[in-house]
There are 4 protein chains.
Amino acid sequence: MEAGFVGLGAMGQGMARSLLRAGHRLSVWNRTRERAEALSADGAAVASTPAEAARAGVVFSMVSDDRALEAVVSGPEGILAGLPKGGVHVSMSTIGVELAERLARRHEEADRQLVSAPVFGRPDAAAGGKLSVVAAGPNDAIARVLPLLQAMGQKVFTLGEEPARANVVKLAGNFLITAAIEGLAEASTLVAKAGVDRGRFLDVLLDTLFDAPVYRGYGKILLEERFSPAGFALPLGLKDNRLLLETGERLAVPLPLASLVRDRMLAAMARGYGDQDWSAFARIAVEEAGLARGGQAQAG
Amino acid sequence: MEAGFVGLGAMGQGMARSLLRAGHRLSVWNRTRERAEALSADGAAVASTPAEAARAGVVFSMVSDDRALEAVVSGPEGILAGLPKGGVHVSMSTIGVELAERLARRHEEADRQLVSAPVFGRPDAAAGGKLSVVAAGPNDAIARVLPLLQAMGQKVFTLGEEPARANVVKLAGNFLITAAIEGLAEASTLVAKAGVDRGRFLDVLLDTLFDAPVYRGYGKILLEERFSPAGFALPLGLKDNRLLLETGERLAVPLPLASLVRDRMLAAMARGYGDQDWSAFARIAVEEAGLARGGQAQAG
Amino acid sequence: MEAGFVGLGAMGQGMARSLLRAGHRLSVWNRTRERAEALSADGAAVASTPAEAARAGVVFSMVSDDRALEAVVSGPEGILAGLPKGGVHVSMSTIGVELAERLARRHEEADRQLVSAPVFGRPDAAAGGKLSVVAAGPNDAIARVLPLLQAMGQKVFTLGEEPARANVVKLAGNFLITAAIEGLAEASTLVAKAGVDRGRFLDVLLDTLFDAPVYRGYGKILLEERFSPAGFALPLGLKDNRLLLETGERLAVPLPLASLVRDRMLAAMARGYGDQDWSAFARIAVEEAGLARGGQAQAG
Amino acid sequence: MEAGFVGLGAMGQGMARSLLRAGHRLSVWNRTRERAEALSADGAAVASTPAEAARAGVVFSMVSDDRALEAVVSGPEGILAGLPKGGVHVSMSTIGVELAERLARRHEEADRQLVSAPVFGRPDAAAGGKLSVVAAGPNDAIARVLPLLQAMGQKVFTLGEEPARANVVKLAGNFLITAAIEGLAEASTLVAKAGVDRGRFLDVLLDTLFDAPVYRGYGKILLEERFSPAGFALPLGLKDNRLLLETGERLAVPLPLASLVRDRMLAAMARGYGDQDWSAFARIAVEEAGLARGGQAQAG
């Protein structure tokens, strides 16, 4: 199948490669052209604008935030300008619910279709085609792009015809990760100050009720305090948290645990951890208890 | 091996049966004698006091809280009075760190040994010998009782020689369960108000990063709002939360997520959910968002 | 002195009248013209656009939010189009820091001056010329408009040359009001459930350390549960809270107490209190403790 | 009038002197005798036990915590042993509600009367007879001791016949102080990071809605970061917070703002501020925002 791919960052790159590997023909675009050219070796054509990439009738976008998505969608060189009538734009970025709703309307008014299909997984999962995809949008549009989504994700969950719902689920999922991180941070700080080895504690957790990738992965990161290099940088995590809280405000849903995580992330920013992994906010729980890195008590 | 077992509630009963099934000989005691007698059919001898149950030289206790444990340990009819010099008392209740430290000292001063060995698992796991046990205490004492612990638990984790450490780990583990519940409650309330089916949302979670018993089990309870009958009643959950916060205070560890859970639990008590499962505090997040049971919006 | 006044809501009306009373000549504009005409009896000229009101060289604006302010400032009929070069725009609305900074730049680039001068006080204080004004902006601009500010406010505090600083102080002040309300709500709920008369408790507070208008005023509102009619509606309070949290995010300042108030306000919105006074979020603390209005315990 | 006074710490000393100054005859006792002897110059008789001090038929106690109060009340040398039948014990310490209820019962069973009469005010107010007293207990007992209470406090509030109610009010009042401190800490951190002078901000507050001793006093302490010497030490503040939260738990009242203060205080303890004034927990808000003392930004 022929398609366009807009946005070749750490995630997009791997996703585009998964599509190529599955035999699809891609026209790719990236803000810095080098990253697009790097894909020509794999058979991708390099488009000079998002509009050009969208011409195939199906186009994927995977960019860093709301603003970046608006930039590649709008204007004479944007996706909407190039996508033929009846075409499908699959938006895979983690964006806000409000933007998703707005874009859905704009696509519909222009006789194009928007599918929201954000993903769970880090760059290595993207490269291996092992993402989990949550997709929402018009049924026929989803049916049309399903084979492509399956090339990128080992699992594709569909959530009905309103694109924004997929974005809510993605934001809620990311929030649950931060909830698990904060829980782990508080719990291991307590046991560490009580003299228990934190690694041993993690073993107990992983061997009982908490045998899940989220605890396994972040438990290890927290234990080893391996926050650099950032798999997913703190400012991006803060952005997702803000989008979640905004959704909560629109829908009148108090989210005190998300508010707690927000304050942790801001404290982490204030302490200069902005270039670390988003899970570095776990350091605040540790430091507030007077523990230095490695779990030792600091001088008062 | 010969041993005593004190406390035959929903958990203790199953644990004692697991020991009998493994061929150990038990002398059992319970505050209400009927429960002890119910075990004679399985071959247990009924003791008339905790002291008598302790005479075998190894005695297990599994009672509801700090006060109940003090009651069965102390006095002329208590465990310490009956346990022979050099004997081992394995305390399996979820109790506070302070009491664990105090009891450890009292046992040591009396030339007896205390092993703290609280468990993870609900009554069905207790009945099936499938608990997870976290044990701490003198090495020789642990070695002596290990075969018995293994009869009750499919996994036994040892955590060093200070009994109280096992209690900290147990409290921290219970806290992490409540953290997961609060996260689930907030996240599913948000997606529900956004129009997403909560069951579908749970499917996505369980099929991605959150594929763990804690999300599977409590996710189902929350989805079906099946808080009665209580597997573990709310007041007991509140007690464990208090013991955790007390430990945090003793060690100067701020635990804001645990504080949040505390306030949720108190709100649940105030609304009359005190006879429901401890996870019923999840209802507060739902109700604060103006959703009635089943996820429908309430009139204002 | 001659000046324009844009925005004649509950606050702006009283402020304009204070200016007229002090002998200043006003050209007034309001989105719904009737409110402007109501002021002609007091000697005001009715302008047909914000631009026309701004022609006098000094213009005040007092509108409901960021969006409304942008609307009256921009475009061919906006304040910036009518204000002569060297003119001063005194923005008195409670707006966000980002907008204040943006508008300051736009005024400067256009050789106009922006003074930010938000106020503390309710409509009755506005009508009586008894507001407290916090002003920031270029020194000469402030000097020029000072007599007019003094006609509206019994106290005028200047905060330096960066307009946005006045907005931060206003938001921080409003936040402190909500902090006092939440404190009062929790404290009086506790004493009420302990059997203490809440009015008696308030007497003690007001007669000791808490003898301040904020406790006196809101203490009375909470005691009498007199949340309607709204002096300042809940959605506006929520807006100010959001602007505060946004400022906290920009400056990397965690604000957990403000986050708590946010969640209370959202719960109040979800329960249908959106048309009540902003202090109605105090009802959440009361209801979470299982107390009905008037401080009686509800059935579970 | 003749009376006994037990407990001559920073507060008790001043209170006893106020009684002597008003012409009452006192028999005084303190754990370290020197402090009692220091009062003989003022005309006090030195008692050798609390029981002896209680013999006059009216006795006041002012000690540091629940445990200290139990120690001076109980045993053969305690207040209850010395107080004649029909005598009145006026307990002025800040203690927990549970202890107050327990003591009230014990006094009643022994045909003695307990009046709970905790005070608001620092040592200088105690010395000057300018405390605020909140008193609850049997009407006749209060009537009997009223002249003495009035010698110590410029204001005496009565709260009915159940002694524990006065203790709840005292704890709730102390909580409101901490709520104001946390509010001030967050608000001034925000304005400081926005470039506003914190002293100027405090001026604005004190000149508007927040013109109250609590903001004036603690605003100054926070501004000058004058946390040593401690007027009231952090561990005592933490104790009062714990007593408040315990009362909340008994009555099923969630107190999220008090929980927030708790975590702040624990963080302050962990950072080694345990010998500073209780308001030193305000430093946590400042430090979490990356500000060093004096409001300057720290290196990351």
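The values are calculated or read from the model by the stated rules, or taken from the named source; none is laboratory data. Keep in mind the model is a prediction, meaning the values are calculated, not measured. Glycine gets a Cβ as well: all are built from the backbone with ideal geometry, and neighbour counts include every protein chain shown. Ligands, DNA and RNA are stripped out before the accessible areas are found, and what is left, the full protein with its side chains, is counted by its heavy atoms. Shrake-Rupley method; radii C 1.70, N 1.55, O 1.52, S 1.80 Å.
Okay, here's what the table says:
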| item | result |
| --- | --- |
| Partners for D:Lys85 among lysines (Cα-Cα distance below 25 Å; same-chain residues under 8 apart left out) | none |
| Distances in nm from B:Pro123 to the matching label points in the other copies, shortest first (labels 7 Å along Cα to Cβ) | 5.2, 5.8, 6.0 |
| Residues of region C:169-200 buried by at least 50 Å² on assembly (accessible area, 1.4 Å probe, chain alone as reference) | C:Val169, C:Leu176, C:Glu186, C:Leu190, C:Lys193, C:Ala194, C:Val196, C:Arg200 |
| Backbone N under 15 Å from the A:Lys220 label point (7 Å along Cα→Cβ), restricted to region A:119-148 | A:122-125 |
| Extension gain (nm, one decimal) between A:Asp211 and A:Ser40, 0.36 nm per residue minus Cα-Cα | 57.5 nm |
| Of B:Gly14, B:Gly121, B:Gly96, the one that fluctuates the most in a GNM where chain B has Cα springs shorter than 10 Å | B:Gly121 |
| DSSP-defined antiparallel bridges as percent of all bridges, the protein assembly as shown, nearest 5 | 20 percent |
| Chain-alone versus full-assembly comparison, region B:262-278, residues with accessible loss of at least 50 Å² (1.4 Å probe) | B:Arg262, B:Asp263, B:Leu266, B:Ala270, B:Arg271 |
| For chain D, built as a Gaussian network whose Cα springs stay under 10 Å, the top-fluctuating residue of D:Asp111, D:Asp277, D:Asp211 | D:Asp211 |
| At 7 Å out from Cα toward Cβ: B:Glu108 inter-copy label distances (nm, ascending) | 4.4, 6.7, 7.1 |
| Restraint check, A:Lys239/C:Lys170; C:Lys130/C:Lys170; A:Lys170/A:Lys239; D:Lys130/D:Lys220; C:Lys130/C:Lys239, Cα-Cα greater than 19 Å | A:Lys239/C:Lys170; D:Lys130/D:Lys220; C:Lys130/C:Lys239 |
| Surface share of carbon and sulfur [accessible, 1.4 angstrom probe, percent] for the protein assembly as shown | 49 percent |
| For B:Arg25, residues with placed amide H under 5 Å, excluding near neighbours | B:Glu2, B:Ala3 |
| Mean separation of Cα contacts under 8 Å (6+ apart) over length of chain D, as relative contact order % | 13 percent |
| Residue and distance (whole Å) for the chain B Cβ nearest the axis that superposes B on D | B:Ser259, 2 |
| Accessible area in square angstrom per residue, region A:1-99, 1.4 angstrom probe | 39 Å² |
| Net +/- balance of residues flanking C:Gly173 in space, Cβ distance below 14 Å, scoring K and R +1, D and E -1 | +1 |
| Exam field: A:Arg226 pseudo-label spacings to other copies (7 Å along Cα-Cβ), nanometres | 3.9, 5.2, 6.4 |
| Buried area at the A-D interface (accessible, heavy atoms, 1.4 Å probe, summed, Å²) | 800 Å² |
| Most mobile listed residue (A:Pro76, A:Pro123, A:Pro50) in chain A, GNM with C-alpha springs under 10 Å | A:Pro76 |
